[in-house]
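I am attaching a structure below and will ask some questions about it afterwards.
The values are calculated or read from the model by the stated rules, or taken from the named source; none is laboratory data. None of these values were measured; they are calculated from a predicted model. Here the Cβ positions follow ideal geometry from the backbone for every residue, glycine too, while neighbour counts run over all protein chains shown. Note: accessible area is taken over every heavy atom of the protein model, side chains too, but ligands, DNA and RNA are not part of it. Shrake-Rupley method; radii C 1.70, N 1.55, O 1.52, S 1.80 Å.
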Amino acid sequence: MADLNELSEKLSSIKAEIKAELEKKETSKSVFEYRKTIFDSKTGKIGSLMREMGKIPNEMKAEYGKRVNEMKAWAQDMFEEMDEKFRKEEMKHRYESEKLDVTMPAREIKIGYLHPNTLIRNRIVDIFGSMGFEIYEGTEIETDYYNFTALNTPDDHPARDMQDTFYLSDKFLLRTQTSAGQIHVMEAKKPPIKIISPGKVFRSDDDATHSPMFSQMEGLVVDKGITLCDLKGMLDEFVRRIFGEGTSTRLRPSYFPFTEPSVEVDVSCFQCHGKGCKLCKGTGWIEVLGAGVVNKKVLEGCGIDPDVYSGFAFGIGIERIAMLKYGINNIKLLFESDLRVLEQIRE
Ligand code: PHE
């Protein structure tokens, strides 16, 4: 550096360069990067001025140092000013792009509900559970023996025609009734027995009130001195709790091979209370389930002495109860999962 004039010129050209460069910058980040290159102690335009101090003749050192420091302060102010300007703009932009309208209504959250079949099954399980029944869960694939033969329905028995069966092989089938579970329970456990057994059953049957797959709830009580009266008393309590106070049952003679006597159970119409309406087809009564006193042959087959023990059994169609309770006229509506239907049924 020959003299101070040369220094002045150099400083002016650095200033001009910084001004021109900063004008081109558009972000605080690029300002920051540029600042680093200017102040770099080895390669920077301003940084290197300080290094050159060593080469300056002593008498010029004070003035050189003063001017370089002024230059440094000027440049720092320039950079700071630009940095602040861009930062403000950038923050503003960020706030705007991340703006939340807290007054906007929230999107509606859809909540799932239990299916009508599940509601009814749970309700029935609760009622019998409170009466001390245990739950036995059978299997959907059964042998011919458990589904029919052990239930006093041998091969050539006409009652086999009552239930059109899906056979998987000569021996195996899809159970047509949860009654098959009765045999498993009586084989495994000696009285007193008090169980319910919910589950799917299958029959080749298909119309507005029948589906090839539907659900039943089996009930079985075996102990000393059990009679049809016990069945009637228990069913009266059951219908009161499922269909409402004031309902009662009526037993009509029927036939099932594994019960003797057998009955169809009607509930007094919970809609018209006996006056006669569309639901009960003007009769005041609605058929709800099949039941009876356990056939002695069945007890014997399971190794239970029919002279000591007796029992009753019943089978409830879960879809049938759901259809009656919720006013559903086609069983298919319970299997189609159409939310427009299901959303109308809430408990
Ligand atoms: N299993 C019979 C049916 O599906 C119902 C039933 C169960 C009848 C228990 C009597 C006793 O039709």
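Which numbered condition trips up residue 117, out of (1) exposed (fewer than 13 other Cβ atoms within 10 Å of the Cβ); (2) closer than 24 Å to residue 335 by Cα; (3) not acidic (Asp, Glu)?
(1)
Can you find a residue in segment 275-289 that is under 24 Å from residue 157 (Cβ atoms) and modelled with pLDDT of 95 or more? Let's see the steps before the verdict.
Narrowing segment 275-289 to residues under 24 Å from residue 157 (Cβ atoms): 287, 289.
Now narrow it down to the ones that are modelled with pLDDT of 95 or more: 289.
Checking segment 275-289: at least one residue is under 24 Å from residue 157 (Cβ atoms) and modelled with pLDDT of 95 or more.
Still on this model: Mind checking which residues of segment 194-210 are surrounded by 21 or more Cβ atoms within 10 Å (Cβ to Cβ) and touching a Gly at 6+ places or on another chain (Cβ under 7 Å)?
196, 197, listed by residue number.
Determine whether residue 193 is of a type in the set (Val, Ile, Thr), at pLDDT 95 or above, in contact with a helix residue (DSSP H, G or I) (Cβ under 7 Å, 6 or more places away or on another chain) and away from the ligand (no atom under 13 Å from the Cβ). Working first, answer last.
Values: of a type in the set (Val, Ile, Thr): yes; at pLDDT 95 or above: yes; in contact with a helix residue (DSSP H, G or I) (Cβ under 7 Å, 6 or more places away or on another chain): yes; away from the ligand (no atom under 13 Å from the Cβ): yes.
When the stated conditions are applied, residue 193 passes them.
Let me ask another. Hey, can you tell me all the residues within segment 35-82 that are in a helix (DSSP H, G or I), open to solvent by less than 40 Å² (accessible area, probe 1.4 Å) and more than 15 Å from residue 19 (Cβ to Cβ)?
Within segment 35-82, 47, 48, 49, 60, 64, 65, 68 qualify.
If you check 225, 219, which single one turns out to be assigned by TED's automatic domain parsing to the domain that holds residue 309, at pLDDT 95 or above and assigned to a loop (DSSP other than H, G, I, E, B)? Lay out the reasoning, then the answer.
Details: 219 fails: assigned to a loop (DSSP other than H, G, I, E, B).
Going through 225, 219 in turn, the sole match is 225.
When you scan segment 121-143, do you find a residue that is within 22 Å of residue 238 (Cα to Cα), crowded, with 20+ Cβ neighbours inside 10 Å and among the β-branched types (Val, Ile, Thr), even just one?
Among the residues of segment 121-143, at least one is within 22 Å of residue 238 (Cα to Cα), crowded, with 20+ Cβ neighbours inside 10 Å and among the β-branched types (Val, Ile, Thr), which makes the answer yes.
What are the pairs with Cβ atoms under 6 angstrom where one residue, in segment 277-305, is farther than 23 Å from residue 247 by Cα and the other, located anywhere, is of a type in the set (D, E, K, R) and open to solvent by 60 Å² or more (accessible area, probe 1.4 Å)? Sequence gap at least six, or different chains.
295/260; 302/187
Also: What's the total number of residues in segment 16-38 that are of a type outside the set (S, T, N, Q) and in contact (Cβ under 8 Å) with a residue 12 or more places away in the chain? It would help to see each step written out before you state the result.
Filtering segment 16-38 down to residues of a type outside the set (S, T, N, Q) leaves 16-26, 29, 31-36, 38.
Retained after the next criterion (residues that are in contact (Cβ under 8 Å) with a residue 12 or more places away in the chain): 17-19, 21-22, 25-26, 31-32, 34-35, 38.
The qualifying residues number 12.
Can you spot a residue in segment 225-246 that is away from the ligand (no atom under 16 Å from the Cβ), in contact with a Cys (Cβ under 8 Å, 6 or more places away or on another chain) and hydrophobic (A, V, I, L, M, F, W, C)? Before the answer, list the steps.
We begin by selecting, within segment 225-246, every residue away from the ligand (no atom under 16 Å from the Cβ); these are 225, 229, 233, 236-237, 239-246.
Still in the list and also in contact with a Cys (Cβ under 8 Å, 6 or more places away or on another chain): none.
Checked segment 225-246: no residue is away from the ligand (no atom under 16 Å from the Cβ), in contact with a Cys (Cβ under 8 Å, 6 or more places away or on another chain) and hydrophobic (A, V, I, L, M, F, W, C).
Give the residue that is least open to solvent (accessible area, probe 1.4 Å), with candidates limited to residues of segment 223-267 that are of a type in the set (Phe, Trp, Tyr) and within 12 Å of residue 291 (Cα to Cα).
Taking segment 223-267 as the starting set, the residues that turn out to be of a type in the set (Phe, Trp, Tyr) are 238, 243, 255-256, 258.
Applying the additional criterion that residues be within 12 Å of residue 291 (Cα to Cα) yields 255-256, 258.
Working: 255: 104, 256: 43, 258: 21 Å².
Restricting to residues being of a type in the set (Phe, Trp, Tyr) and within 12 Å of residue 291 (Cα to Cα), the top hit is 258.
Looking only at segment 268-324, filter to residues that are among the basic types (Lys, Arg) and within 16 Å of the ligand (Cβ to nearest atom); which one of those is least open to solvent (accessible area, probe 1.4 Å)? Reasoning before the result, please.
Within segment 268-324, the first condition is being among the basic types (Lys, Arg), and the residues that meet it are 275, 278, 281, 296-297, 320.
Going one step further and asking which of them are within 16 Å of the ligand (Cβ to nearest atom), we end up with 296-297, 320.
Details: 296: 121, 297: 127, 320: 101 Å².
Ranking the candidates gives 320 first.
Out of the strands (runs of 3 or more DSSP E) lying entirely within segment 250-335, which hold 2 or more residues that are among the β-branched types (Val, Ile, Thr) and assigned by TED's automatic domain parsing to the domain that holds residue 216? I'd like the intermediate steps shown before the answer.
Numbers: elements: 259-268, 285-294, 310-317.
It comes to 259-268, 285-294.
Further, regarding this structure: Find the residue count for segment 161-183, including only residues that are within 14 Å of the ligand (Cβ to nearest atom) and open to solvent by 30 Å² or more (accessible area, probe 1.4 Å).
Total satisfying the criteria: 4.
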